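Worksheet: one structure, shown below.
The values are calculated or read from the model by the stated rules, or taken from the named source; none is laboratory data. If you're wondering where the values come from, they're calculated on a predicted model, not measured in any experiment. No Cβ is skipped: glycine too gets one built from the backbone with ideal geometry, and neighbour counts run over all protein chains shown. Areas reflect the complete protein model, heavy atoms only, side chains present, ligands, DNA and RNA absent. Shrake-Rupley method; radii C 1.70, N 1.55, O 1.52, S 1.80 Å.
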Amino acid sequence: SCVSRKKIVYFQNDQIDQSKFSNSYKTIFKPDDLLQITVSALDVEAVKPFNLPAVSYATTTNSVIGTPRQQLYLVDNEGYIDFPVLGRLKVGGLTRQETINLLTKKLDPDYIKKPTIIIRISNFSVTILGDVQTPGTYTIPNERITILQAVGLAGDLNISGIRNIQVKREENGQIKTYELDLKSNNLFTSPVYYLQQNDIVYVEPNKARSQSA
């Protein structure tokens, strides 16, 4: 059957003030994030205790199995990680730069002078469900993805997908639902235009698709 063009075309409604559109995005660490933290400095020996390798040992010979890889740090439900020498550190709710500043303050000058710290989330992923070409969970290596890029990863919406979509995000221990209209330019100013780790994007099928299913 025929579908009205007004129900299909993206970005056809609501002109926005470009001054309200910002490309700035800050990653905020949350429980269940796996952080890869690398500490470097001119004194190579001094940074070794803070870059412990993750290894596996044979039960019979107690020898290392496989190639050592860098240790990952799990953010627990209270927002803490267990970091070598420094112990438990509260990083949940902090941005990347705030966490770097925290570590720098604790390391310099007692342990390392002028350390360089790099932090990445190794399990940053978003889930796209519903009426898209290829639903699934996608790992995002650069930790920065917009709602449009997520839809593109899933192969775009099917023609039967309603242009109103939902983004479900955990905030302060509760699931909050945001609604977006891909037909409107207002989505560029939405708080969920940039997705965060573990966000769920759901595209609802139209009535005809639901009834045929």
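Do we find a residue being at pLDDT 70 or above, open to solvent by less than 80 Å² (accessible area, probe 1.4 Å) and of a type outside the set (S, T, N, Q) anywhere in region 52-64? Quick ask: steps written out before the conclusion?
So the first thing to find is which residues in region 52-64 are at pLDDT 70 or above, and the list is 52-53.
If we keep only those that are open to solvent by less than 80 Å² (accessible area, probe 1.4 Å) too, we end up with 52-53.
Narrowing further to those that are of a type outside the set (S, T, N, Q): 52-53.
Scanning region 52-64 turns up at least one residue that is at pLDDT 70 or above, open to solvent by less than 80 Å² (accessible area, probe 1.4 Å) and of a type outside the set (S, T, N, Q).
If you go through region 95-108 one residue at a time, do you hit one that is assigned to a loop (DSSP other than H, G, I, E, B) and at pLDDT 90 or above? Write out each step before concluding.
We begin by selecting, within region 95-108, every residue assigned to a loop (DSSP other than H, G, I, E, B); these are 108.
Checking which are at pLDDT 90 or above leaves us with 108.
Scanning region 95-108, I find at least one residue that is assigned to a loop (DSSP other than H, G, I, E, B) and at pLDDT 90 or above, so the answer is yes.
Please go through region 107-118 and pick out each residue that is under 19 Å from residue 73 (Cα atoms) and open to solvent by 90 Å² or more (accessible area, probe 1.4 Å).
Once the filter is applied, which keeps residues that are under 19 Å from residue 73 (Cα atoms) and open to solvent by 90 Å² or more (accessible area, probe 1.4 Å), region 107-118 yields only 118.
Of the numbered conditions (1) at pLDDT below 90; (2) open to solvent by less than 80 Å² (accessible area, probe 1.4 Å), residue 172 satisfies every one except a single condition; which is it?
(2)
Kindly provide the set of residues from region 85-100 that are in contact (Cβ under 8 Å) with a residue 40 or more places away in the chain, open to solvent by less than 30 Å² (accessible area, probe 1.4 Å) and either touching a Phe, Trp or Tyr at 6+ places or on another chain (Cβ under 7 Å) or not polar (S, T, N, Q) (or both), ordered by number.
91, 92, 99
Specify the residue that is most open to solvent (accessible area, probe 1.4 Å); the eligible residues are those in region 144-169 that are small (Gly, Ala, Ser) and under 27 Å from residue 96 (Cα atoms). Walk me through it before giving the result.
Just the residues of region 144-169 that are small (Gly, Ala, Ser), to begin with: 150, 152, 154-155, 160-161.
After this cut, where a residue has to be under 27 Å from residue 96 (Cα atoms) as well, the list is 150, 152.
Numbers: 150: 1, 152: 50 Å².
Applying the filter and picking the extreme gives 152.
Which of the residues that make up region 121-135 are open to solvent by 20 Å² or more (accessible area, probe 1.4 Å) and in contact with a Pro (Cβ under 9 Å, 6 or more places away or on another chain)?
127, 129, 130
Considering only region 2-22, I want to know if a residue exists there that is under 26 Å from residue 114 (Cβ atoms) and either at pLDDT below 95 or open to solvent by less than 80 Å² (accessible area, probe 1.4 Å) (or both).
Filtering region 2-22 down to residues under 26 Å from residue 114 (Cβ atoms) leaves none.
No, that holds for no residue.
For region 180-206, enumerate the residues that are over 20 Å from residue 158 (Cα atoms), assigned to a loop (DSSP other than H, G, I, E, B) and touching a Ser or Thr at 6+ places or on another chain (Cβ under 9 Å).
Within region 180-206, 193, 195, 196, 197, 198, 199 meet the criteria.
Give me the residue from region 188-200 that is touching a residue at least 60 places away in the same chain (Cβ under 8 Å) and more than 24 Å from residue 78 (Cα to Cα) and, out of that set, least open to solvent (accessible area, probe 1.4 Å).
Filtering region 188-200 for residues touching a residue at least 60 places away in the same chain (Cβ under 8 Å) gives 188-189, 194-200.
From what is left, the residues that are more than 24 Å from residue 78 (Cα to Cα) are 188-189, 194.
Values: 188: 45, 189: 66, 194: 24 Å².
Here the residue is 194.
Against the definition (of a type in the set (Phe, Trp, Tyr), within 27 Å of the chain's Cα centre (by Cα), open to solvent by 60 Å² or more (accessible area, probe 1.4 Å) and at pLDDT 90 or above), how does residue 73 come out, yes or no?
Values: of a type in the set (Phe, Trp, Tyr): yes; within 27 Å of the chain's Cα centre (by Cα): yes; open to solvent by 60 Å² or more (accessible area, probe 1.4 Å): no; at pLDDT 90 or above: yes.
No; evaluated as a whole, the condition is false for this residue.
From the list 117, 145, 159, which residue is modelled with pLDDT under 95 and in contact with a Leu (Cβ under 9 Å, 6 or more places away or on another chain)?
145
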